[in-house]
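Only one structure is covered here, and it is reproduced in the block below.
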Protein chains: 2
Amino acid sequence: MNDDFYMNLAINEAWKYQILTYPNPAVGCVILDKNGKILSIEAHKQAGKAHAEVNAVKKALQVLNPNLIFPKEDDKIYEFIIKHHNNLLKNSKAYVTLEPCSHYGKTPPCANLLKEIGISEVVIGYEDKSDLAKGGANLLKEANINVKFGILKDRCFELLEPFLMWQRGNFSFLKLGMSINGVVSGGIITNLDSRKMVHKLREKIDLLVIGGNTVRVDRPTLDTRLINNGKNPDIFIYSKKQNFDKSIPLFGVENRKVTISNDIKLIKNYKLCMFEGGENLLNNLPNFVSHILIFSSTSFMNRKAINADVKIQKLFSFDMKDNFYIWYKIKS
Amino acid sequence: MNDDFYMNLAINEAWKYQILTYPNPAVGCVILDKNGKILSIEAHKQAGKAHAEVNAVKKALQVLNPNLIFPKEDDKIYEFIIKHHNNLLKNSKAYVTLEPCSHYGKTPPCANLLKEIGISEVVIGYEDKSDLAKGGANLLKEANINVKFGILKDRCFELLEPFLMWQRGNFSFLKLGMSINGVVSGGIITNLDSRKMVHKLREKIDLLVIGGNTVRVDRPTLDTRLINNGKNPDIFIYSKKQNFDKSIPLFGVENRKVTISNDIKLIKNYKLCMFEGGENLLNNLPNFVSHILIFSSTSFMNRKAINADVKIQKLFSFDMKDNFYIWYKIKS
Ligand SMILES: [Zn+2]
Ligand SMILES: [Zn+2]
C-alpha cells in the first residue's frame, strides 16, 4: 500500500477526537515496523494527555513487547519510552498528520522522541507553521531521518482547519440530530451514544448558542449530565425577545453565564462555539459558522423534515452502533 | 493490528462491488507478506472475471516484482500465477470474507491457488455452505495451511446476505436518491457519479420496479445510457391503473419487457430486483424488499422531504466526490 493509505488511517483516527483535543489540534499517527507492518494507529485524545506520536510509539512498543509495563500517568510515558524502547523501533516509519512538535510544552517534543527511538522515516501531512511548534522536521532531518512532506495535505489541512480557525479567533459549528429523512425536531431523534458525544463536545466548547424558539419549545437543560464531572457551557440564547420562563432547566445550571441577545457579534468573544438547533438556526446561521456536525439516527421518521438551501462538503463519518455522525464543511 | 482490522479492509473493498458481481457473491481478500505488511486489498468485481483471491495474489506479486507482466485476459491470470509466483508469497497470509472456492467453475479453485503459492495461513470470515464451492478450507488444511474461521463473521454474513437471498429465490432492494435533509423528488438530486452507479446496477438486475405515479410525473427512460453497452432492465410498473402515455421514454427502449400490474407476486418471478421511487414506494414496500441503497447529495434542499416510519441498519458507506451512498438493511 502507498503512503496515502497509511496517512488516511492516521487522519481517520484523529478525526474521532476532533474538538475533544481542544485547545490542542486533532493529530493522528501511524507507525510501521522496519518491514512495513502496521504496529499502531493512534491519535491525540485530550489536551494535557500524550501527543499522537507518543501514543503511537507506546502502542507500537506494547505490540512488540507485551511485558513492558507503562506508567499510568501520561506525562511519564515519554521518559519511560526514552529509557525502555530498547531499539525495538529501530528503522521503523511514522506517518503524522501534522509536523511533529519541537518545543517543550506540557510534554517534551515529539520530534525528539521519534529521533531517540531510531525511526528511519517520517511522513508528514501538514507542515506546522506555528512559531511554537515548527522546526520538528528540521530536527529530524538533522538526525539524518528521511522526511517526506505533503502526503494527503488537503485532508490533513481539513483535519487541522477547525484548530487554525480557533487560533485566528473563532471556530463555530452547528450540531444537528437528524433522522435519515431530515427530521430534526419533535422529540428525541438520536441514541444515547450520540447524546453522550454531544455532552463531551459541550464540555469542551466555550459557548453553546441556541435559538430562542428551541428554548421555549424544548425547555432544555443543555448540560453535560451524561458524562462524569462535565463542565457545563455558557449559553447564548439567540433571540430578540428577552423574556424567558426562568424555570426552564438551562437557567438553573450552576456556574453558567446565560446571555440573551440577537447581537451575533457577541458570540465572537468566545473562541469555540457550538450552535444547537433546527430549521430556524440553519437558515439564519452567521457566516462565521463554518462546519456542520450531523448525528444521524438510522430510521425514517414520520415528521416534518428540516428545510434549507445549503451546500456542504463531507469530511468524516463515524459509526456508533445504530447511529452515526458526519462532519461537514459549509461551502461558501 | 488484529485479524478484525485486516478482515474489515477485505469486507469494505468487497462492498464496493455489491450487486455488480452478480450472479456471483461479493468477496474481498487481503494479503499480508510473511512479515505482516499489507501487499494487497482486492475484491471480486464482476462475474466471469477473476475471483477476489486471484486479484489479491496478482496485486501482491505486482508489488513484490513490478517487472512481472500479467496477461490481460482474466482467465489466464490463474495459470500465470502458478507458473511465475517464484515463491515470492511463501509464508504470506490471506484474509478472505468467504471460504475460498474448491471447484473448477469458470475459473480454477482459489483454495488450490493459495496452496500453490505457499501461503501459510488463511483467515476466513464466512464458511461457504454451497455444495459447489465448499471444501476450500479442507483442501487448505490438508496442505498443512493454518485455517482460521469466523473472524468478523457477522459483517461477512451481511456482505454475503444479498447473494444468499438471491440464491434462495429473490433479492430485492429499494434505491433512493436523497438530499441531506430527505428530499427525494422534484428534480435531479444526485451527481453524475451516483447516476452512473445506478446505471451499472440497472445493468445487473433482472427487473426494475417503479411506482406508477413516478412514471407519470417524471416520464423516465430507466435505461443504462450513462455506461457503455449497458443492458436495459425489464420494467415493472407498480400500479392499479393500466393506462400510461406510451410516449413516456421507458416504453421506447429496445429489448425490454414492460409489465404494468399491482400484483406484487409477479415480481418474485425475477431473482434480482431494484425498486426505484419515492415516498409512495417506501411506504408500500412488499415485505420481501430487504435492503435500501441511498445515494446522498451533500446539500440541504428547499423542498418537501420523504415521509415514512421505517427502521434500518447501516451496512456500508462509500464516498464519491461530493456524493456518497449507504447500504442499509430494513429492520423487521
Ligand atoms: Zn508533540
Ligand atoms: Zn474462487
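So the values come out like this:
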| quantity | calculated |
| --- | --- |
| Residue match in segment A:146-158 (condition: polar (S, T, N, Q) and open to solvent by 30 Å² or more (accessible area, probe 1.4 Å)) | yes |
| Pairs with Cβ under 7 Å, 6+ apart, first in segment A:75-98 and farther than 14 Å from A:SER120 by Cβ and of a type in the set (Gly, Ala, Ser), second open to solvent by 80 Å² or more (accessible area, probe 1.4 Å) and in a strand (DSSP E or B) | none |
| Some residue of segment A:311-322 being open to solvent by 10 Å² or more (accessible area, probe 1.4 Å), in contact with an Asp or Glu (Cβ under 9 Å, 6 or more places away or on another chain), of a type in the set (D, E, K, R) and not in a strand (DSSP E or B) | yes |
| Which listed residue, of A:ASN24, A:ASN35, is within 13 Å of ligand 1 (Cβ to nearest atom) and not assigned by TED's automatic domain parsing to the domain that holds A:CYS273 | A:ASN24 |
| Out of B:ARG216, B:ARG225, sole residue that is open to solvent by 10 Å² or more (accessible area, probe 1.4 Å) and either within 14 Å of chain A (Cβ to nearest Cβ) or outside any loop (DSSP other than H, G, I, E, B) (or both) | B:ARG216 |
| For B:VAL123: the one exception among (1) in the same structural domain as B:LEU32 (by TED's automatic domain parsing); (2) open to solvent by 10 Å² or more (accessible area, probe 1.4 Å) | (2) |
| Test: B:ALA111 is open to solvent by less than 50 Å² (accessible area, probe 1.4 Å), more than 9 Å from ligand 2 (Cβ to nearest atom) and aliphatic (A, V, I, L, M) | no |
| Single condition A:ASN55 does not satisfy, out of (1) at pLDDT 95 or above; (2) open to solvent by 30 Å² or more (accessible area, probe 1.4 Å) | (2) |
| Enumeration of residues in segment B:287-303 that are of a type in the set (Phe, Trp, Tyr) and more than 11 Å from chain A (Cβ to nearest Cβ) | B:PHE288, B:PHE295 |
| Matching residues in segment A:73-104 - criterion: being within 21 Å of A:ASN24 (Cβ to Cβ) and open to solvent by 80 Å² or more (accessible area, probe 1.4 Å) | A:GLU73, A:ASP75, A:LYS76, A:GLU79, A:TYR104 |
| Odd one out for A:GLY105, checked against (1) more than 22 Å from the chain's Cα centre (by Cα); (2) near ligand 1 (Cβ under 10 Å from one of its atoms) | (1) |
| Verdict on A:VAL147 being closer than 17 Å to A:LYS58 by Cβ, assigned to a strand (DSSP E or B), within 16 Å of ligand 1 (Cβ to nearest atom) and hydrophobic (A, V, I, L, M, F, W, C) | no |
| Some residue of segment A:125-132 being within 15 Å of A:CYS29 (Cβ to Cβ), within 12 Å of ligand 1 (Cβ to nearest atom) and either modelled with pLDDT of 85 or more or within 14 Å of chain B (Cβ to nearest Cβ) (or both) | no |
| The one condition in (1) open to solvent by 20 Å² or more (accessible area, probe 1.4 Å); (2) within 30 Å of A:SER290 (Cβ to Cβ); (3) in contact (Cβ under 8 Å) with a residue 12 or more places away in the chain that A:ASN65 fails to fulfil | (2) |
| First in segment A:304-320 and more than 7 Å from every other protein chain (Cβ to nearest Cβ) and over 20 Å from A:VAL289 (Cβ atoms), second anywhere and surrounded by fewer than 18 Cβ atoms within 10 Å (Cβ to Cβ) and acidic (Asp, Glu), Cβ under 8 Å, 6 or more apart | A:MET320/A:ASP193 |
| Any hit, segment A:215-234, residues being in contact with a Phe, Trp or Tyr (Cβ under 9 Å, 6 or more places away or on another chain), at pLDDT 90 or above, within 27 Å of A:PRO23 (Cβ to Cβ) and in the same structural domain as A:ILE189 (by TED's automatic domain parsing) | yes |
| Filter result for A:ILE188 (within 30 Å of A:ARG303 (Cα to Cα), at pLDDT below 95 and of a type outside the set (Gly, Ala, Ser)) | yes |
| Test: A:THR190 is in contact (Cβ under 8 Å) with a residue 12 or more places away in the chain, open to solvent by 10 Å² or more (accessible area, probe 1.4 Å), in a loop (DSSP other than H, G, I, E, B) and within 16 Å of ligand 1 (Cβ to nearest atom) | no |
| Conditions (1) touching a strand residue (DSSP E or B) at 6+ places or on another chain (Cβ under 6 Å); (2) open to solvent by 30 Å² or more (accessible area, probe 1.4 Å); (3) more than 14 Å from chain B (Cβ to nearest Cβ); number of the one not met by A:ALA143 | (1) |
| Exclusive hit being more than 11 Å from every other protein chain (Cβ to nearest Cβ), over 26 Å from A:ILE292 (Cα atoms) and in contact with a Gly (Cβ under 9 Å, 6 or more places away or on another chain), set B:ASN284, B:ASN269 | B:ASN284 |
| Answer residue from segment A:260-308, given it is of a type in the set (Phe, Trp, Tyr) and touching a Ser or Thr at 6+ places or on another chain (Cβ under 6 Å) and is farthest from A:MET320 (Cα to Cα) among those | A:PHE288 |
| Test: residue in segment B:37-49 that is open to solvent by 10 Å² or more (accessible area, probe 1.4 Å) and at positive phi | yes |
| Residues that are within 16 Å of A:ALA305 (Cβ to Cβ) and open to solvent by 10 Å² or more (accessible area, probe 1.4 Å), drawn from segment A:169-187 | A:GLY177, A:ILE180, A:VAL184, A:SER185, A:GLY186, A:GLY187 |
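The values are calculated or read from the model by the stated rules, or taken from the named source; none is laboratory data. Everything numeric here is computed off the predicted structure, so don't read it as measured data. Note that we place each Cβ from the backbone using ideal geometry, even for glycine, and neighbour counts take in every protein chain shown. Surface accessibility is based on the protein's heavy atoms, side chains included, excluding ligands, DNA and RNA. Shrake-Rupley method; radii C 1.70, N 1.55, O 1.52, S 1.80 Å.
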